[in-house]
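Here's the structure, in structure tokens; my notes come after.
Derivation of every value follows stated rules applied to the coordinates shown; laboratory data play no part. Everything quoted here is computed from the prediction, not taken from an experiment. Please note: Cβ atoms are built from the backbone with ideal geometry, for glycine as well, and neighbour counts cover all protein chains shown.
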Amino acid sequence: MLNGRKSLITIIAAASLVATVGAIPGGSAQAQPSIEDVQHRVDRLYHAAEQASERYNQIHVQLTQMRGDVQALRADQTRQQARTEKARQLVADSIVRQYEGDSLSAVGQAVVSSDPSAFVSQLTTMSAFNTMQAGQYSSYLTQAKALTIRQDATSNQLSKVARLEKEAAENKATIAHSLAEAKSVLDKLKADERERLLESSRGAAPRISTASVPVSGRAAAAVRFAMAQIGKPYVYGAAGPNAYDCSGLTMAAWGSAGVGLPHSSSAQYGAGTHISASQLQPGDLVFYYSPISHVGMYIGNGMIVNAENPSAGIKVDPLYMMPYVGAVRPG
């Protein structure tokens with residue numbers, strides 16, 4: 001995400017040499033880090049942090065849905081518990097009546113009856129009572145099984161939520177570790193060198209106005225919003241108004257046009273019509289890396305506007321500055 005910034009590489013390399021060059025046996029200087037090594041180290045730090053951040057965002061999208069599912073499952077489980085309790089109470093009542101003498105009384109009446117029709121009637125009553133008991137017990141077993149299924153579903157969903165929450169915490173720790181390491185590199189630089197480094201990494205944004213972007217409708221509103229954020233800082237997990245991460249910027253931009261997007265680059269990849277690079281129009285979202293961990297907005301002429309990284313902030317970059325994966329047209 002800092003590809004092509006030779007001045008940035010040179011400054012970091014020079015600073016690193018000041019901090020790392022030393023004496024070794026025989027008086028030889030310690031091997032100097034190559035420009036490529038410095039470049040790759042900085043790239044890896046920012047990319048690792050962004051991967052973790054976008055995964056963190058994706059987890060929160062999933063958790064929002066899953067927590068809603070848990071609420072629905074719990075409500076269904078509560079209703080099923082009431083049905084199960086009702087069936088259980090019917091079985092309990094019939095057993096109590098049996099031991100209180102209802103069925104025994106019916107047997108006695110059938111035995112002493114001198115009326116054949118009454119005898120048959122009493123037998124039918126006893127049979128109906130036994131059938132009713134069997135039906136009640138069967139209903140209770142069915143309801144109890146249904147309750148167990150719902151309890152298991154709720155438990156499984158809660159376990160998934162717990163696993164995702166743990167993964168979110170791990171990704172947050174990765175973000176912090178990567179940024180801390182990047183900060184340690186910057187802290188080794190003198191104040192003036194560090195400022196030159198940051199200015200170099202931000203680069204000069206091409207002079208592109210929204211008036212020069214041929215676009216209309218909702219896409220125009222999204223592009224205008226995104227372009228108006230140029231120069232604002234990149235902050236992991238932010239979605240405005242003062243700072244953004246990559247998916248936070250595209251979510252807010254299309255949100256200003258009335259189109260809802262999830263706060264996750266990988267989730268946004270599934271939130272629209274997939275198009276080829278040859279079909280790109282201003283406002284389309286473009287995605288990078290595998291797995292997807294960065295998103296920007298195409299503005300035409302082979303350029304994108306994106307929240308690039310903490311050093312660069314929100315700026316305009318070439319379309320193929322990063323490993324391109326695909327594009328989506330929201331709305």
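Some values worked out for this structure:
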quantity: Near-label residues of the stretch 59-86 by backbone N, under 13 Å of a point 7 Å along Cα→Cβ of residue 151; calculated: 77-78, 80-82, 84-85
quantity: Residue-span extension gain [residue 279 to residue 81] - 0.36 nm each, minus C-alpha spacing; calculated: 65.8 nm
quantity: Ascending count of other beta-carbon atoms within 10 Å, so fewest first, for 314, 149; calculated: 149, 314
quantity: For the stretch 295-301, 3J(HN,Hα) per residue [Karplus equation, 6.51 cos²θ - 1.76 cosθ + 1.60, θ = phi - 60°, Hz, x = Gly/Pro]; calculated: 9, x, 10, 6, 10, x, 6
quantity: Paramagnetic reach from residue 142 (point 7 Å along Cα→Cβ, amide N under 17 Å) across the stretch 63-81; calculated: 80-81
quantity: Neighbourhood charge, 13 Å Cβ-Cβ cut-off, centred on residue 73 and excluding it, Lys, Arg +1 and Asp, Glu -1; calculated: +2
quantity: For the stretch 261-331 versus the stretch 53-68, the gap between their alpha-carbon centres in whole angstrom; calculated: 20 Å
quantity: Residues with amide H under 5 Å from that of residue 314, placed H, sequence gap 5 or more; calculated: 231, 232, 234, 308
quantity: Packing-based exposure ordering (other Cβ within 10 Å, fewest first) of 85, 54; calculated: 85, 54
quantity: Note, ³J(HN,Hα) from phi for the stretch 223-235, Karplus 6.51, -1.76, 1.60, rounded to Hz, x at Gly and Pro; calculated: 5, 4, 5, 4, 5, 5, 8, 4, x, 6, x, 8, 9
quantity: Sequence ranges 290-296, 305-311, ranked by mean other-Cβ count within 10 angstrom, highest first; calculated: 305-311, 290-296
quantity: The stretch 206-329: C-alpha gyration tensor shape, a/c 1.5 cut-off, then a/b vs b/c; calculated: rounded
quantity: Residue exposure sequence - 154, 273 - by fewest surrounding Cβ within 10 Å; calculated: 273, 154
